[in-house]
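> Sending over a structure as structure tokens; questions will come in a sec.
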Amino acid sequence: MYNTKLVVAYQGTNYCGFQVQNKSDDPTIQKYLNKALSKIFGEEITTHMASRTDAGVHANGQVVNFKHRKDRLPDPQRLIMAINANLPKDIRVLEAEKVSLDFHSRYNAKGKQYSYTIDNHIAQRPLTKEFTWHVPQPLRLEEIKKGAKYFLGTHDFTSFRGSGATTKTTVRTITAFQVVEENSYIKFLIEGNGFLYNMVRIIAGTLVEIGKGKLSPEEIPRIIGAKDRKKAGPTAPPQGLILEKIYY
């Protein structure tokens, strides 16, 4: 038995998320990966993902692993080319390597990095509309930066968890949070040991409320402490979110 790790990039626009949906024909990233790998290896392959991205969310550095009986990895570059030849053009394997049998892309992950990008120009720019949230109102960047700092550290992020999600704990640690503006694009780059369902998108929506002047940065600790989803801002749309990296 062998275990292989892949780094995968994809544009999530045309997919119903990463994970295969039970008893559903909806297109997902995992469905296409499983199909391509099963064809190449000549056996039924099931991939395991590091992060279950939602419909419309993109990735530059999703990590998956899968176990297989046949050794098809004498040349990783040839394997990458073979997999990509059997995938849609908006899904691409970037890296492939053998790993130990006990490696699991999700359970061995130490942290994740996401980005969220806002197009803050008065007119939505067509070439980036699939990867940004268009907010035409001028946003107060310095206030947004002040608000972002309050998320750093270890907190109970119940107020920033999407409805319908269940987890053993809602405590997460945010280790880095950058807010960068260039050419009227505002990008949030956030790193942590893990994220709750819709957590990054709710944080983004809340910071936009601060940027509009509807909330003050100093209200973030109160919102976190309330442990009430209704106290935070709206859930930002999925297309601005990109899974950038998984740390091991």
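Since every read-out is calculated from the coordinates, none of them should be taken as a lab result. These figures come from a predicted structure and were not determined experimentally. A quick note on method: Cβ atoms are made from the backbone with ideal geometry, for glycine too, and the neighbour counts reach across all protein chains shown.
> Taking the highest mean first, how do the peptides 114-124, 157-167, 29-39 order by number of other beta carbon atoms within 10 angstrom per residue?
Top to bottom by mean Cβ count within 10 Å: 29-39, 114-124, 157-167.
> Still on this model: Rounded to the nearest 500, what is the 222 nm mean residue ellipticity of the chain from helices alone, with -39500 (n - 2.57) per DSSP H run of 4+ residues and division by all residues?
-6000 deg cm²/dmol
> What is the Cα coordinate range of the stretch 30-128 on the first, second and third principal axes, sorted by size from largest, in whole angstrom?
Extents along the principal axes, in whole Å: 55, 31, 22.
> Report, in degrees rounded to the nearest 10, the 0 to 90 angle that the Cα long axis of helix 29-41 makes with the longest principal axis of the chain.
In the chain, helix 29-41 runs at an angle near 20 degrees to the longest axis.
> Amide H neighbours of Thr28 under 5 Å, at least 5 residues apart or on other chains, H built in the peptide plane: list them.
Cys16
> For the stretch 217-248 and the stretch 114-156, what is the separation of their Cα centres, given in Å?
Cα centroid of the stretch 217-248 versus Cα centroid of the stretch 114-156: 12 Å apart.
> Relative contact order for the chain: what is it in percent, counting Cα pairs under 8 Å that are at least 6 residues apart?
For the chain, the relative contact order is 24 percent.
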